[in-house]
Structure formats: C-alpha cells, structure tokens
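Peer 1: Before anything else, here's the structure in question.
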Amino acid sequence: MKNSEIESHAIDGDQYTDVVTDKAVDVSRRKFMAASAALGAVGLGLNPTLVHAKGSSLKRVGASGFQPLEVNSPMAKWKKPQSLEFVTAATRRYNFRNWQSGNDDSVYYNLNLPQFFRSSVVMPPEEFSVLQRDIRRDLLNLTFKAHDGSTTPPLKDYLVGPRQVQAMMMAHKGKVVFETYPGMNPTDIHVWMSASKTTASLLATMLWEDGKLDFDKPVPTYVPDLKGTVWDKITMKNAMNMASGLDIEETFENLMNPDSWISNFFTAVFDGKGDWQQLVKEAKPIDGKQPGEIFQYSSAITMVLVLAVENITQMPWQNFWNQRVWSKIGARNPFIIGLAPDGTPIAAGMNNTTPEDMLRYALLYTPSWGVVAKERVISDKLLKRIQTLGDPAAYHRSTEEGYGTRWFGETPDLNTAQWDHAFKDGAMFKHGNMGQGIYVDPARDFCGMYFGLATNDEKVAGIDHSPGYLRAAAKRLAGG
C-alpha cells in the first residue's frame, strides 16, 4: 500500500483468517450478508440464486485482521464481560481515591470511564487507515539495562507482572511490529491519562505555527480571566514546559495529601466539588522560584492550555482537535474525552481511544506519517519546535528526572512542550498515571504506546519499565 493510500472498510470490507490456510482473507460485508440471506432462504424452502457451502472455515481474529501476540496474563479476565454483581458494586464504590487505587474497581473504571464522566464523542471519519503488520515475535525476549545496572526481565515476563500491562503496540517504518493485549480486547477503549497532554501541546504548537500564538507572551494574553493574578508573570512557553514557579506540583505525595492544592484541584475537576478555574486564579508562587526555572509537573497547567486554545480558535477544544488531527489520521473508532463539570474538555488526562487509534496518532510524529494520513499533519518545523522548546537546566533540577532515569535505565536530556522526557536524538516520551505511555522516535522511524493499570506506589507495582522497553525496541529495530 502506498503511503498516502487509505482503504475504506467501514461498510464493504473486513479481514478474516482462513483456519485451513492461516492466511488473511478480504471479505465484502455486502457479499457476506447476501450469502447469509441466501442461506436463510434455503431454510424457508425458497429458491435463491446464490448459495455457498454448507459450512464456513472463516473466523474473526481481531480489528486488524491479524492475530496479536499472546501472553498468559492474569489480566486476561478483563477481556470478558464482568458480572452484573461486580459492575453494580464497583459503580457504587466509585470515587477519586478508589479510581486511583490500582485495584479491580480501578481497572474497570479505566476501561469504562465514559460511564463515570460526562464526555464528548468525536466520531471517526468515513475511511480508516489500514496498518500493515510485520510482527517481530523476537521482541518478546527484549531486555535492557536498568538504572541500577541490572538487566530487566524479558518483555514477555514483564507484560504479565505487577505493572498489569493491558495493551502494547509498536510500529517501525510504518508497520506494526509488536502487538499484544494482555488485559483488554483490541477494540476496547482505554483512558490515556496524562499521555493526553501531548494532544493539548500539539494544538497549541499548531496555533504557534499559524501565527496565532506567541510563546513569549504572558498566559493571560490568551486566557483573559487570569489577568491580575500570578499568571501575569508566566509565559506560554513556561506553561508549555510546566515551569510555572507555582505551588501546584503534582507528585505522588501531594496527590495522597487531601489538603494539597493539587488534590483540591482534582476534586473540583473530577468530582465537581469546587471551582477548578477559581483555584487556578488563586494559585500561589513558590518562594524563591521564578517561572521557567524548574520543571514542576501539573495537570492544571495543561487545562490552562486548553482554555487558551479555545479562546484563540473560538471553538470547543475537541472540535479543533477533530479538525486538525483526528479527522486526518484514518481513525477506526471514536475519540472520547471526559469533560469537567463546567464542560471544559479534560485534555490533561481524559482522552479515551483504542490502542490502535492511539498508535495512529503516534505515527504522525514519524517519517511514516503517510500510512495514516493523506496530508502532512505535523510539519518538520512544528516537530522541531516541540522537540526543542524545553530547557535542559529546568529538567535536571526536577522530580521528573528521577522518574525518567528509573523508567528508561538512562537519564533523558530534557522535558519539552508537555512531553515528560526527551532525548538529544529527538525521541520523546509522555507518561500517564497508573501506567500509560506514548513514545515517538522520529530519527528511528519508530513509535509505541501502552496501556496499563497499576498503583503509582512502586513498592507495590514496581518500576514502570514499559518506556525503557519501547526505547530498547526502537534501538534494536533501527540498528542502534
């Protein structure tokens, strides 16, 4: 298939595997339905003009038409419907703290978040892009050197461990080379958590490229409601790089402290108890810290970027996202985003898609973007701006640097434009709460994603090594 070719199977086609020949077969849905009708007519004693063989050797093997790699994970139980008793009880038990716990209730919530949040649905386009497969089974044996000098277990063992990985996909040179679903089905949706933040930064950078946003301007230039507050001293560049100098940092300790600013912020955004925009206005600076000085992670900053994009475009964030990105990538399934009580899209962490559609988005950052899009969505200029917007000095004084070292087994060089960790070779990674992630490596024409569900307490779930496996795979496939 040519890079720009998009095949439409939404109405007429799908792929099956012949169990005799073990080869993928294209089947027209209209022909299949016609054959089914003919067989039904036989049962009624009619004389149809089209009757196929009495039996069929065809079976469905998944959304892609290809059999994914299988691992024997205890998370496989989530591929099946849960009992009414469990679903009813879990729904009654829903609250923010239980959602973040990493228990069975939490797994159910992350696979079904639109049931618990008012959401906006962005439908896929009429045509979807078909991703070719060239599965590399040898990647199941992939290892890398951890931060303490030890060697990680093989990927196949890690996938069934306490990090509770639910899906992982990788693409190299535009083809899917790794695909496994230990704890979900290929067409299930899952929340991206903070990997969503890359979509907020992408839209802001698109507006920069359009000449409608100046990163050197103060935030209130684009969010007038913040004029006369501490945000007057914070530039859009500071916000993009999460270097606000405000006491709003999102650490594990702060999240567990119900009296912290960030806990109150999330209670307002997720539970509607309080006004999150008012809390943003009332944020306080950290004594002795200046904007731009240090990377201090906070979803509140991403929500400010969402407001800026909406004010500049004068359209709901999700509509602009669809116009500039989602409608371009041949997504096969809907994009669902959770909404705050005031209707603001929570692009800081509430994007929900299938794994394959998340990979389609990641492919936009690679030279093989043409396998999903007919036109260039992320220009070279735009990509370079995202890769280099950050300040290595601000990163190397941050809490997040330590996370990056443990996840990759090597220390990244900077954070940039809402991406937590970036390297001198141009690769970038964004982590999501409880074990989600997206990794793009343009120089190696590689990208990858994963979904998981584990507590943030490393004493319980261990280190999230998924980012390191993705980077190790990129290096192996590209020859270094």
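The values are calculated or read from the model by the stated rules, or taken from the named source; none is laboratory data. Keep in mind the model is a prediction, meaning the values are calculated, not measured. Cβ placement follows ideal geometry from the backbone for every residue including glycine, while neighbour counts extend to all protein chains displayed. Remember, those area values only see protein heavy atoms, side chains included, never the ligands or the DNA or RNA. Shrake-Rupley method; radii C 1.70, N 1.55, O 1.52, S 1.80 Å.
Peer 1: Assess whether residue 386 counts as being closer than 25 Å to residue 315 by Cβ, open to solvent by 10 Å² or more (accessible area, probe 1.4 Å), among the hydrophobic types (A, V, I, L, M, F, W, C) and under 19 Å from the mean Cα position of the chain (by Cα).
Peer 2: no
Peer 1: Might you let me know whether the stretch 283-297 holds any residue that is part of a helix (DSSP H, G or I), closer than 26 Å to residue 95 by Cα and touching a residue at least 24 places away in the same chain (Cβ under 8 Å)?
Peer 2: No.
Peer 1: Search the stretch 438-451 for residues that are among the aromatic types (Phe, Trp, Tyr) and pair each with any residue that is open to solvent by 10 Å² or more (accessible area, probe 1.4 Å) and part of a strand (DSSP E or B) when their beta-carbon atoms are under 8 Å apart and the residues are at least 6 apart or on different chains.
Peer 2: If the second residue must be open to solvent by 10 Å² or more (accessible area, probe 1.4 Å) and part of a strand (DSSP E or B), the pairs left are 446/172.
Peer 1: Among the helices (runs of 4 or more DSSP H) contained in the stretch 164-261, which hold 2 or more residues that are open to solvent by less than 20 Å² (accessible area, probe 1.4 Å) and within 26 Å of residue 436 (Cβ to Cβ)?
Peer 2: Qualifying helices (runs of 4 or more DSSP H): 197-209, 236-240.
Peer 1: Please state which one of 122, 87, 107, 51 is of a type in the set (Val, Ile, Thr) and at pLDDT below 90.
Peer 2: Unique residue meeting the criteria: 51.
Peer 1: Specify the residue that is farthest from residue 472 (Cα to Cα); the eligible residues are those in the stretch 435-461 that are open to solvent by less than 10 Å² (accessible area, probe 1.4 Å) and in contact with a Gly (Cβ under 6 Å, 6 or more places away or on another chain).
Peer 2: 454
Peer 1: If only one of 157, 134, 105 is open to solvent by 70 Å² or more (accessible area, probe 1.4 Å) and farther than 24 Å from residue 363 by Cα, which one is it?
Peer 2: Just a single option satisfies the conditions, and that option is 157.
Peer 1: Under 8 Å by Cβ, and 6 or more places apart or on different chains, what pairs join a residue from the stretch 233-245 that is farther than 19 Å from residue 207 by Cα with one that is open to solvent by 10 Å² or more (accessible area, probe 1.4 Å) and assigned to a helix (DSSP H, G or I)?
Peer 2: Matching pairs, first to second residue: 244/238; 245/233; 245/238.
Peer 1: Identify, please: which residue in the stretch 352-375 is within 15 Å of residue 450 (Cβ to Cβ) and either acidic (Asp, Glu) or touching a Cys at 6+ places or on another chain (Cβ under 6 Å) (or both) and is, among those, most open to solvent (accessible area, probe 1.4 Å)?
Peer 2: 356
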